[in-house]
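Contents: one structure, followed by commentary.
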Amino acid sequence: MINIPKGTKDVLPSESYKWQYVESVARELASLFNAKEIRTPTFEHTELFSRGVGDTTDIVTKEMYTFLDKGNRSITLKPEGTAGAGRAFIENGLIGGVLPAKMFYITPAFRYERPQAGRLREFHQFGVEVFGASGADTDAETIMLADSLLKKLGLSVKLFINSIGCPTCRAAYNKALKDFFAAHLDELCFDCKSRFEKNPLRLLDCKEEGCKKINSGAPSILDYLCEDCSAHFEALKEFLTLAGISYEINPRIVRGLDYYTRTVFEFVSDSIGAQGTVCGGGRYDGLIKQLGGNDCPAVGFAAGIERLLMVMEASGVQIPQPAPVKVYLAGMNDECRKKAFELAATLRKNGVIAETDHMNRSIKAQFKYADKLGAEFVAVIGESELSEGAFNLKNMSTGESEKVSFASAVEYFSK
Ligand code: ATP
Ligand code: MG
């Protein structure tokens with residue numbers, strides 16, 4: 001027996017409707033906001049992520065699935081969706097087209113992490129990217145899309161926002177952070193010691209309890225924002241209020257990726273404990289240039305589909321079940337089974353969900369099977385029904401039966 005790789009999951013036929021539901025709500029909302037789908041490859045050149053996600057991030061330093069292909073190229077399975085979307089935006093000339101360019105994706109993502117509830121090695125994201133607009137109204141609109149999705153899925157979550165400024169204000173802040181953490185260097189975890197040298201902002205994102213405790217006393221980025229970044233953050237709050245979205249400011253949010261500038265945000269649920277961040281995003285005005293394009297502002301978010309489903313489950317959200325089998329056609333013998341087969345074919349051609357026997361079951365066993373399927377009706381065809389040209393139709397919820405002619409079956413079920 002070969003088992004599933006650690007940190008991956010099967011979505012079984014009995015569960016997939018939940019995924020389809022979340023995905024369809026996401027698609028519906030994306031189109032309401034005029035975002036069109038982009039599909040990019042599952043793997044990219046490794047350099048795209050080391051440049052686009054940032055080589056001081058956890059993702060790039062320890063979580064990527066990287067390998068050499070048979071042509072000796074370094075290839076990486078995408079750990080997130082933004083870098084690929086950014087690459088495609090530049091490479092296909094969309095950067096010179098109509099802006100802003102709003103797009104969304106639903107994609108698997110791969111990260112070599114320690115698997116636990118809500119943390120997988122292959123997971124799925126619904127993400128939105130808006131390229132070309134720099135104003136805080138765009139940030140607020142992007143947050144609004146995420147907020148609408150979470151509300152439509154029935155989740156109660158908290159929105160936390162922050163601004164991490166631009167490279168100018170961050171230089172002063174990084175210095176303040178270094179001064180602060182210098183006094184705590186011995187108490188920091190191994191990773192944070194190297195973050196201290198390479199990218200002190202990352203220290204605030206550490207998940208180790210010890211580091212988190214020290215972090216709570218660190219200076220706030222909001223005290224270091226330059227005039228423009230400060231005005232941008234004020235505008236964001238104003239637009240969120242206009243959109244009727246409540247938020248809380250949390251100066252500790254920095255996000256795990258290097259490409260963020262100014263706005264960062266997270267939607268957090270408290271119903272699933274540790275992995276409560278269902279959605280995260282922000283502005284990343286530096287990314288497109290970093291990937292070789294012209295200067296081009298951008299803002300986006302990604303929501304983890306597994307986490308959305310976990311929170312929905314934990315908070316008892318009822319996900320609409322797919323349409324059940326409308327009619328199960330039971331045949332008494334081979335001749336009758338052929339008629340059942342033929343009628344099922346005709347019904348399906350006319351959009352009626354029909355099922356029939358494939359296991360040579362007795363009539364009694366076929367009824368049992370139809371019941372398991374949740375079929376609304378069972379049509380029984382025996383010798384006499386065959387000669388009459390009509391089946392005996394049982395309504396499985398009322399128990400009532402009636403005769404329906406083969407010729408009027410389509411009409412009967414289509415009404
Ligand atoms: P975390 O802080 O939980 O590690 P992150 O900052 O690494 O999250 P992002 O890169 O912003 O996460 O990804 C966006 C969303 O994707 C997250 O908010 C989360 O819902 C989901 N996600 C991230 N990593 C995983 C994972 N390993 N398994 C399942 N979902 C994930
Ligand atoms: Mg992570």
GNM top mover of 11, 380, 60 - the chain, alpha-carbon springs below 10 Å: 380
Compactness index (Cα Rg / 2.2 N^0.38 Å), region 29-104: 1.24
Share of Cα-Cα pairs in the chain lying beyond 29 Å, as whole percent: 55 percent
Cα-derived Rg over Rh, computed across region 178-263 with Rh taken as Kirkwood radius: 1.03
Viscosity 0.890 mPa s, 25 °C: Kirkwood-radius Stokes-Einstein D of region 73-130 over Cα pairs, µm²/s: 189 µm²/s
Rounded Å value of the spacing that divides the Cα centres of region 39-117 and region 320-381: 47 Å
Solvent-accessible area per residue for region 295-386 (1.4 angstrom probe, square angstrom): 51 Å²
Under 16 Å between alpha carbons - lysine pairs in region 327-413 that sit 8 or more apart or on different chains: 7
Separation of the residue 151 and residue 3 label points, Cα + 7 Å toward Cβ, nm: 4.4 nm
Set of region 368-386 residues, backbone N closer than 20 Å to the point 7 Å along the Cα-Cβ line of residue 402: 375-382, 385-386
Helix 16-32 vs. the chain, principal-axis angle (Cα, 0 to 90°, nearest 10): 60 degrees
Within the chain: Cβ-based charge dipole about Cα centre, in debye rounded to nearest 20 (Lys, Arg +1; Asp, Glu -1): 640 debye
Lys, Arg +1 and Asp, Glu -1 on Cβ, resulting dipole of region 163-253 about Cα centre, debye, nearest 20: 260 debye
Amide proton proximity set for residue 396, modelled H, under 5 Å, gap of 5+: 377, 378
Amide proton proximity set for residue 330, modelled H, under 5 Å, gap of 5+: 379, 380, 381
Formal net charge of residues neighbouring residue 302 (Cβ-Cβ distance under 10 Å; K, R +1; D, E -1): -2
Highest-fluctuation residue, 381, 253, 288 considered, GNM on the chain with Cα pairs under 10 Å: 381
Shape metrics for region 1-140, restricted to C-alpha atoms - Rg then Dmax, Å: 16.7, 55
Alpha-carbon spread of region 256-397, three principal axes, descending order, Å: 77, 37, 22
Surface share of carbon and sulfur [accessible, 1.4 angstrom probe, percent] for region 327-413: 50 percent
Sorted largest first, extent of region 327-413 alpha carbons per principal axis (Å): 27, 26, 24
Tail beyond 15 Å, pair distance distribution of region 283-323 (Cα, percent): 62 percent
Under 18 Å from the residue 42 label point (7 Å along Cα→beta-carbon), backbone N, region 102-121: 105-113, 120-121
Whole-number percent relative contact order across the chain, with pairs defined as alpha carbons under 8 Å at least 6 apart: 16 percent
Amide H partners (placed H, <5 Å) of residue 124, local residues excluded: 109, 305, 306
Reachable aspartates and glutamates, given that their alpha-carbon falls under 17 Å from the alpha-carbon of residue 326 and they are not under 8 places away in the same chain: 342, 355, 357, 371, 376, 400, 402, 411
Residue of 282, 96, 132 that the Gaussian network model of the chain assigns the largest fluctuation, springs spanning Cα pairs under 10 Å: 96
Table column - 3J(HN,Hα) (Hz), region 347-353, Karplus curve with 6.51, -1.76, 1.60, x for Gly and Pro: 4, 4, 4, 9, x, 9, 6
Local net charge near residue 7, Cβ-Cβ under 9 Å (Lys/Arg +1, Asp/Glu -1): +4
Within-11-Å neighbourhood charge of residue 88 [Cβ basis; K, R +1; D, E -1]: -1
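The values are calculated or read from the model by the stated rules, or taken from the named source; none is laboratory data. Bear in mind the structure is a predicted one, so any value in this text is a computation, not a measurement. Backbone-built Cβ (ideal geometry, glycine too); neighbour counts: all protein chains shown. Just the protein is used for accessible areas: all its heavy atoms, side chains included, with ligands, DNA and RNA removed. Shrake-Rupley method; radii C 1.70, N 1.55, O 1.52, S 1.80 Å.
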